[in-house]
Every structure is written in C-alpha cells, then in structure tokens.
Amino acid sequence: MWRTLYPLTLLIALVACAPPPHAQTQVAGPAADIAELWQDPVNLPQRDLYTGPGGPALAPQPSHPFAFEAYKTSGTNPGYDVRDGTGRLWSVKLGVEAQSEVTTSRILWALGYHQPAIYYLDEFTLDGPGPLGGTKKQARFRTDVEPWRPGGEWSWYENPFADTQPFRGLIVAQLILNAWDLKTPNNRIYDSADPSLFPKRLFIVRDVGSSLGEARQSALLNAIGTRGWQGSKNNIDHFERQGFITAVKGDDVEFDYRGVNQALVNTLKVADVIWTSELFARIPDSGWQAAFAAGQYSPGDTARYVRKIKEKIAQGLALKRSSTLTR
C-alpha cells in the first residue's frame, strides 16, 4: 500500500511547491507610493549597518536569559518565540540561516529597502522547561517595532510595484546576494498603528537567510517545480563559485541562475542591473565590514564575500560603459 501511495504523495507535495505560472510580473493591489517599498538612502554613509534599523537600543542582551514562549511553527529552521527581561517578544531562528539573514537584511536596508529589526547572537541562554532550557547557539533575533505591525503577505509576481525600477532592482539584489527563496510567505506588509505616519505601510522582504550561498537547482527538479534543494545557504565556497551575468542580448540579460523563479529573473533588463549596481556601489567599505560583522562573520570570510560581491557590482557597472559605447 505504501509503495502505491508514496509516488502520489510525492507528486502532490511537488505540485504544491510549484512556482507561480505567471510569465511576467503584474501590477496588482491598491495603489501604492514607492516609499512603501523603497526610499533613496541619501544618508547611506551614515547608516549604522552593524545594528541596523533597530539601532543599538533594541539589541538583545546575551548576558540575560530569555524566557521561552512558544516553538517556531513555520519555515525549515528550528526556533522559538522568547521574551527578554524587559518583556519584549522576539522571534528566534536557529541554525545555518541566522548569520546570512542578518547580514543580507543589513545590505538590503543599506540599499533603501525596508527591513525589520533583527540581530545575531552567537550564543544565548534559554529559560525553558527541562531539556528545552540551556545554552543555544547561532540565533537570529527579530522583533516588531512601534508603530509597525506585520500583516498580510505580498507576491513577487503580483504587487503594486511590478513596473517600477526599485522593484526590479530588488530582484537584481537577490541575484547579487544569491538569495534564492523568493516565495510569498517570506514577504510581509507592515501596517502603521499611527495614522499620521508616512508611509502608512511597508512592503518588506523578510526571512532572507537562504542567501550568501549558491542558487542552484537541477534541471529535473526545476522542471518538476519543487522549491526543495534550490541551493545552499551561508556558504562562502559556494558563493564564490557562482557567477552573475553570463550574456547580454540587446536589452536582455542572462544570469548564472537556475531555479523555480526563472520567469521572474527573465523580466530583468540591462537598465535594471545598472541601476542596482550603482546603488550597491554607494555602500562604503566601512558599511560592508559592519554588515558582515553584524552576522559575526570571520575577517577572512568577510573579505571573500565582499570581494565577490564587488566583482558582481563591477560586472553590472560595465554594462553602463558598454551601453554608452554602442549608442
């Protein structure tokens, strides 16, 4: 019986994980101001990429134990909801994604994309019942900040910004950082409880830990449509071996990418890569060092990551020179 049911069960699971059928992105939903997705980081050199949008005041203190509230119920990585000594509630993710999520979030924030308040702790103490309590390692801590409240999800394929440059630039940024888990549940709309605040909502790409590795998927799995085994996470060796731009044909760009979001990647043009590369190039060396220090990467791995990212930036900027020469 199980031999008969297993192929059917596997097929159902694969279909459920299949990518959206859209051939291109579509403008959908209520009208939105671009400030809800992106704001030009005019103060980028002054941004604190070590503590991020939450700043140093919110940073969780590892010297005090955290009280267990509940187990994490979504995603593939273990974790908990915990409270610190002040009563603040934190969502904690453990494991390989913790470092890459914090650093990737810092970089996206540097580029002007809204991000939640998150921090990395290499070690902390959990005050929980029985074997649940004790010392835990490699954790991403995320908390909500007044007056923002996380609400519904938004889709890469249907959203109010699909025809804007910052949205297309956000896709290019995912390619530069090898962030490959581009699925709707990772995207959240945050609503403001303060009616006088502008913008009144934020569109945030959240849970970006599936990054800084390699975005790869076999042709067979890609055809089936499964999101499993799309790539690696937080792996400098894998990050270094994946390229960026493989070909340019007119205004179309081909990337060293193979995965379930190929239709999304195929919407990108030369101008999108140039715009995003110029934005990345505005991050100063001190900013790169701070972003990777936020994830507690070693100096050696930091240097390798930054070197590879800058190679991709240079490749994108070269398209501008090529475009100028062909006019």
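The values are calculated or read from the model by the stated rules, or taken from the named source; none is laboratory data. Only a predicted model underlies this, so the values are computations on that prediction, with no experimental measurement involved. As a convention, Cβ positions derive from the backbone with ideal geometry for all residues, glycine included, and neighbour counts pool all protein chains shown. When the accessible area is computed, the model is the full protein with side chains, heavy atoms only, and any ligands, DNA or RNA have been set aside. Shrake-Rupley method; radii C 1.70, N 1.55, O 1.52, S 1.80 Å.
Looking only at segment 202-258, count how many residues are modelled with pLDDT of 95 or more, aliphatic (A, V, I, L, M) and surrounded by 13 or more Cβ atoms within 10 Å (Cβ to Cβ). So the count comes out to 9. Could you go through segment 138-158 and let me know if any residue there is hydrophobic (A, V, I, L, M, F, W, C), in a strand (DSSP E or B) and touching a helix residue (DSSP H, G or I) at 6+ places or on another chain (Cβ under 8 Å). Yes: segment 138-158 contains one or more residues that are hydrophobic (A, V, I, L, M, F, W, C), in a strand (DSSP E or B) and touching a helix residue (DSSP H, G or I) at 6+ places or on another chain (Cβ under 8 Å). Pairs linking a residue in segment 279-307 that is in contact (Cβ under 8 Å) with a residue 24 or more places away in the chain and under 21 Å from Ala117 (Cβ atoms) to a residue that is of a type in the set (Phe, Trp, Tyr) and open to solvent by 20 Å² or more (accessible area, probe 1.4 Å), with Cβ atoms under 8 Å and 6 or more positions apart or on different chains, are Ala290/Tyr50; Ala291/Tyr50; Ala293/Tyr50; Ala294/Tyr50.
Kindly indicate which of Thr104, Thr125, Thr135, Thr86 is out of contact with any strand residue (DSSP E or B) (no Cβ under 8 Å at 6 or more places or on another chain) and either touching a residue at least 12 places away in the same chain (Cβ under 8 Å) or small (Gly, Ala, Ser) (or both).
On the way: Thr125 fails: out of contact with any strand residue (DSSP E or B) (no Cβ under 8 Å at 6 or more places or on another chain); Thr135 fails: out of contact with any strand residue (DSSP E or B) (no Cβ under 8 Å at 6 or more places or on another chain); Thr86 fails: either touching a residue at least 12 places away in the same chain (Cβ under 8 Å) or small (Gly, Ala, Ser) (or both).
Answer to the selection: Thr104.
In segment 284-327, the qualifying residues are those that are in a loop (DSSP other than H, G, I, E, B) and open to solvent by 10 Å² or more (accessible area, probe 1.4 Å), and the one that is nearest to Asn178 (Cα to Cα) is Tyr297. Confirm whether Pro56 is at pLDDT 95 or above, of a type outside the set (Val, Ile, Thr) and over 19 Å from the mean Cα position of the chain (by Cα). Spelling it out, Pro56 is indeed at pLDDT 95 or above, of a type outside the set (Val, Ile, Thr) and over 19 Å from the mean Cα position of the chain (by Cα).
Only residues that are open to solvent by less than 90 Å² (accessible area, probe 1.4 Å) and either among the aliphatic types (A, V, I, L, M) or not in a loop (DSSP other than H, G, I, E, B) (or both): list them for segment 56-68, please.
From segment 56-68, those open to solvent by less than 90 Å² (accessible area, probe 1.4 Å) are 58-60, 62, 65-68; that's our starting set.
Correct list: Leu58, Ala59, Phe66, Ala67, Phe68.
The residues of segment 74-89 that are buried (at least 17 other Cβ atoms within 10 Å of the Cβ) and modelled with pLDDT of 95 or more, listed by number, are Val82, Asp84.
Only one of the listed residues (Gly295, Gly300, Gly316) is over 22 Å from Leu121 (Cα atoms), at pLDDT 95 or above and not hydrophobic (A, V, I, L, M, F, W, C). That residue is Gly316.
Do the conditions hold for Thr125, that is, is it among the β-branched types (Val, Ile, Thr), open to solvent by less than 20 Å² (accessible area, probe 1.4 Å) and more than 30 Å from Val270 (Cα to Cα)? Considered against the rule, which asks whether it is among the β-branched types (Val, Ile, Thr), open to solvent by less than 20 Å² (accessible area, probe 1.4 Å) and more than 30 Å from Val270 (Cα to Cα), Thr125 comes out as no. Within segment 105-137, the only residue that satisfies the criterion of being outside any strand (DSSP E or B) and of a type in the set (D, E, K, R) is Arg106. Just one of the listed residues (Tyr50, Tyr6, Tyr71) is within 22 Å of the chain's Cα centre (by Cα) and either open to solvent by 50 Å² or more (accessible area, probe 1.4 Å) or at pLDDT 95 or above (or both), and it is Tyr50. Is one or more of the residues making up segment 135-149 basic (Lys, Arg) and open to solvent by less than 20 Å² (accessible area, probe 1.4 Å)? Yes, some residue in segment 135-149 is basic (Lys, Arg) and open to solvent by less than 20 Å² (accessible area, probe 1.4 Å).
If the condition is being open to solvent by less than 10 Å² (accessible area, probe 1.4 Å) and more than 20 Å from Asn235 (Cα to Cα), then segment 173-189 contributes only Asn187.
Out of curiosity, is Val172 aliphatic (A, V, I, L, M), out of contact with any His (no Cβ under 9 Å at 6 or more places or on another chain) and more than 20 Å from Tyr80 (Cβ to Cβ)? Give the steps one after another, and end with the answer.
Values: aliphatic (A, V, I, L, M): yes; out of contact with any His (no Cβ under 9 Å at 6 or more places or on another chain): yes; more than 20 Å from Tyr80 (Cβ to Cβ): yes.
It is true that Val172 is aliphatic (A, V, I, L, M), out of contact with any His (no Cβ under 9 Å at 6 or more places or on another chain) and more than 20 Å from Tyr80 (Cβ to Cβ).
Can you name the condition, by its number, that His114 falls short on among (1) in contact with a Phe, Trp or Tyr (Cβ under 8 Å, 6 or more places away or on another chain); (2) more than 17 Å from Ile204 (Cα to Cα)? Tallying (1) in contact with a Phe, Trp or Tyr (Cβ under 8 Å, 6 or more places away or on another chain); (2) more than 17 Å from Ile204 (Cα to Cα), His114 fails exactly one: (2). Put simply, of Val102, Val92, Val42 the only residue that is part of a loop (DSSP other than H, G, I, E, B) and either at pLDDT 70 or above or among the β-branched types (Val, Ile, Thr) (or both) is Val42.
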